[in-house]
Amino acid sequence: MENIIGLITYGRGDFGVLAAHRPAYMLPFGCRYRLIDFALSTFSNNDIDNVALYAGSMLRSTIDHIGNGKPWDLNRRFGGLSIFPEVYSSKYNRSDELVNIYESLGFYESAVEEQIFFMDPMTITKIDVREVYRQHLTEDADMTLIYKTVDDKEGRYLNYDKMTLNDDGTVKNIGVNLGTQDVFNLYLGMGFIKKSVFLDLIKNALENDDSYSLKGAMLKEKGRYKIRTFGYNGRVAVIRDVNSYVDANMSLLDRDGFNEMFHVNGTILTKSKDEPSTIYHKNARVEHSLLANGCIIDGTITGSIIFRGVEIGKNAIIKNSIIMEGAIIEDDAVIINCVIDKGTIVKEGVSLVGSPTNPYTIGKKQVIKR
Amino acid sequence: MKTGKTVAMLLAGGQGSRLKALTRKVAKPAVPFGGKYRIIDFAVSNCANSNIRDLGILTQYKPLLLNEHLGIGAAWDYDKNKGGLRVLSPFTGEEGGRWFTGTANAIFENIDFLDEVNPEYVLILSGDHIYKMNYDHMLDYHREKGADCTIAVIEVEWEDASRFGILNTDENDQVVEFDEKPAEPKNNLASMGIYMFTWKELREALYKDEKNPDSDNDFGKNVLPMMLDDGKKMFAYRFSGYWKDVGTVRSYWESNMDLLDPNNTLQIYDDHWRIYTKSKNLPPQYLAEGSTVRHSMVNEGCVISGTVENSILFSSVIVEEGAVVKNSIILSDCVIKSGAKLNRAITLEGLVVDGTTEIGQDEDDDCVYLMHEDGVTKE
């Protein structure tokens, strides 16, 4: 797959306190990962090793986590990972995805690769990139955009990207899902684009001042280009808010979901923290849960996702919750339907209860007392 | 480390034959320990945490896995431009090839390496002990005493002293006599096999020892007593933390089990002195509905549906529904099938334990059972 550049687009979503100190793509996920690990691992597992990341602002956690890209073998002398922080320039009087891509156009122009595979970091999937690439080449498409047909009676995908197809399988348009149809095609924010087409699109869009994102630029002149589609059938989560974030985490508690996310089409790589194994003390009662390493557990845990280095005190009860790295839940505390961010301490005997449809989120490094 | 360059030389070539099937394919330092480590990780991490920039690792017995594990030392940040980790294996010269004949000979054979690094001090370590130690403090002590050689010692119970190499010392902890496994010990300071030498002195001693045809070229047996006879200043450096030589299958089992004690002085969860190892980047551990996991250590990649008590599970172990694992050490990639009952077992890597297996179910016996592909060895 040496002819492909990897591009990670802007990740967007509304996550309240959880994204107060980090970009959305840096949200912790699945006990020991960050959302971005899925995009980076997808590239790594498919030998795509010239990668551009539009990192946005608030880069402390990004730099700390990704560094030179070593966990994904992206610390290359040739190619490797390029991180583009947000550009502010009075030239444009704006700083959107399009301007940021334009400012880094030299990266694409100097690259030898002729195709670009772009991914929305908020899309969590283990798609087989090779299969899409084969179709993209066979059909000699200018772009191949990936969608999944979903049945959404519950309205989980309201305001997500809805793709409408022409009869010949080309893209008619991508708009906003207002829930008028239960079954629709959810655009996954990923696909292939020829580099020459990409360069034209970005320049045109900036000259005409008529779009602000890669998606906008791609669709603006759809008459001029051959835009094909690829329908994906596998598991996928598109994370745009706290509920979809919690759902995506909890879907890992399903054995099939767990296997598909972690054992099909390569493993997910992340920065190693060198924690010792997790220790379960005498009072531990843990079922139907996922735990990372480095935890010290002496309480009861069910239906929960426990990140690295979490401490759960004696007789504490954790149910249907996400407890992030380094959080400490002291003795006798009760946590139900909560998302507790990194390093937060819940003191002895405190009860925190959210509702299943509206989880209670607590930001980083808080101390919750009685 | 401060001024005065120190090179650590880690002896990792030993077979450890008393560990039986555990060392059938790997050298003792490469034997898995504590849920995710290999024994050598403790010494290498101690070096990294003590800011020793140059580390030579001497291998000999079945080094394949050890080499793979160490790589270029990236896990310990030893992949450096200046200094770093070098694996030193036996080699051939003009007069043919030689194996390392003893601990001191292994260092002697690599004098070219040491001359090139040109250190002020050389720290000799053994790759088969479990402990956390700041070698920088030992160097401070060595310099403060103006010693030619400093030997780390640990106080052992008087009744155990006859099993160790004992150092007899004066009131300033200066060594006056070496007493190898004394029948009637005069002291209870046991050598930990950790020696800090002033390189100039060691170099001289190694040449002298090598010329002696009667010598076994061993530090404890030959070189140290010789230096003492030559009037060199040697001091004992007292260490008072957790230290264990994992010598036998039984002590291997016991020292692993020590980790389950919340008051264990090794303090493996203390992140100021972390033990590093090669990362496998595995998914989190999955505890299914109906699982029971208590008083146990479990590593990443495990999937547990059965019962695990008072045990240590390495990475990617599968414990099926209805399987019961108690007081056991399960190495990586084992599958414990539904119905199997293990007690006081050690299962070697990748073993599939059949559902009809029952091990250690007799309440009265306290043997440890080493399970390997050819069967079960009772210890």
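Annotation note: of A:K282, A:K222, A:K273, A:K226, the sole residue that is open to solvent by 60 Å² or more (accessible area, probe 1.4 Å), more than 20 Å from A:N320 (Cα to Cα) and within 11 Å of chain B (Cβ to nearest Cβ) is A:K282.
Yes/no per residue for (1) in contact (Cβ under 8 Å) with a residue 40 or more places away in the chain; (2) on the phi < 0 side of the Ramachandran plot; (3) facing another protein chain (nearest Cβ under 7 Å); (4) not in a strand (DSSP E or B):
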{"position": "B:N263", "(1), (2), (3), (4)": "no, yes, no, yes"}
{"position": "B:Q267", "(1), (2), (3), (4)": "yes, no, no, yes"}
{"position": "B:Y276", "(1), (2), (3), (4)": "yes, yes, yes, yes"}
{"position": "B:L282", "(1), (2), (3), (4)": "no, yes, no, yes"}
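State yes or no: is B:A106 of a type outside the set (F, W, Y), under 29 Å from B:L266 (Cα atoms) and open to solvent by less than 10 Å² (accessible area, probe 1.4 Å)? Answer is no for this residue.
Inspect all residues belonging to segment A:138-148 and state whether any of them is assigned to a strand (DSSP E or B), open to solvent by less than 20 Å² (accessible area, probe 1.4 Å), of a type in the set (S, T, Y) and out of contact with any Pro (no Cβ under 7 Å at 6 or more places or on another chain).
Checked segment A:138-148: at least one residue is assigned to a strand (DSSP E or B), open to solvent by less than 20 Å² (accessible area, probe 1.4 Å), of a type in the set (S, T, Y) and out of contact with any Pro (no Cβ under 7 Å at 6 or more places or on another chain).
Tell me whether segment A:350-359 contains one or more residues that are surrounded by fewer than 20 Cβ atoms within 10 Å (Cβ to Cβ), part of a strand (DSSP E or B), out of contact with any Cys (no Cβ under 8 Å at 6 or more places or on another chain) and within 12 Å of another protein chain (Cβ to nearest Cβ). No, segment A:350-359 contains no residue that is surrounded by fewer than 20 Cβ atoms within 10 Å (Cβ to Cβ), part of a strand (DSSP E or B), out of contact with any Cys (no Cβ under 8 Å at 6 or more places or on another chain) and within 12 Å of another protein chain (Cβ to nearest Cβ). Taken as a whole, segment B:288-304 holds no residue that is open to solvent by less than 40 Å² (accessible area, probe 1.4 Å), more than 26 Å from A:V310 (Cβ to Cβ) and in contact (Cβ under 8 Å) with a residue 60 or more places away in the chain.
Of the residues making up segment B:355-364, those that are surrounded by 12 or more Cβ atoms within 10 Å (Cβ to Cβ) and assigned to a loop (DSSP other than H, G, I, E, B) are B:G355, B:T357, B:G360, B:Q361.
Please go through segment B:1-36 and give me each residue that is charged (D, E, K, R) and open to solvent by 20 Å² or more (accessible area, probe 1.4 Å), ordered by number.
B:K2, B:K5, B:R18, B:K20, B:R24, B:K25, B:K36
Across segment A:310-335, what is the total count of residues that are touching a helix residue (DSSP H, G or I) at 6+ places or on another chain (Cβ under 8 Å) and not β-branched (V, I, T)? Number satisfying all stated conditions: 1.
Go over the candidates B:M257, B:M226, B:M297 one by one and state the one that is in a helix (DSSP H, G or I), within 14 Å of another protein chain (Cβ to nearest Cβ) and among the aliphatic types (A, V, I, L, M).
Checking each option against the conditions leaves just B:M257.
Is it the case, given these coordinates, that B:A183 is in a loop (DSSP other than H, G, I, E, B) and open to solvent by 10 Å² or more (accessible area, probe 1.4 Å)? The answer is yes for B:A183. Within segment B:138-159, the only residue that satisfies the criterion of being touching a strand residue (DSSP E or B) at 6+ places or on another chain (Cβ under 8 Å), open to solvent by 40 Å² or more (accessible area, probe 1.4 Å) and among the acidic types (D, E) is B:E155.
The values are calculated or read from the model by the stated rules, or taken from the named source; none is laboratory data. Every value quoted in this text rests on a predicted model; they were computed, and no experiment measured them. With ideal geometry, Cβ positions are generated from the backbone for all residues, glycine too; neighbour counts draw on all protein chains shown. Side chains included, ligands, DNA and RNA excluded: accessible areas come from the protein's heavy atoms. Shrake-Rupley method; radii C 1.70, N 1.55, O 1.52, S 1.80 Å.
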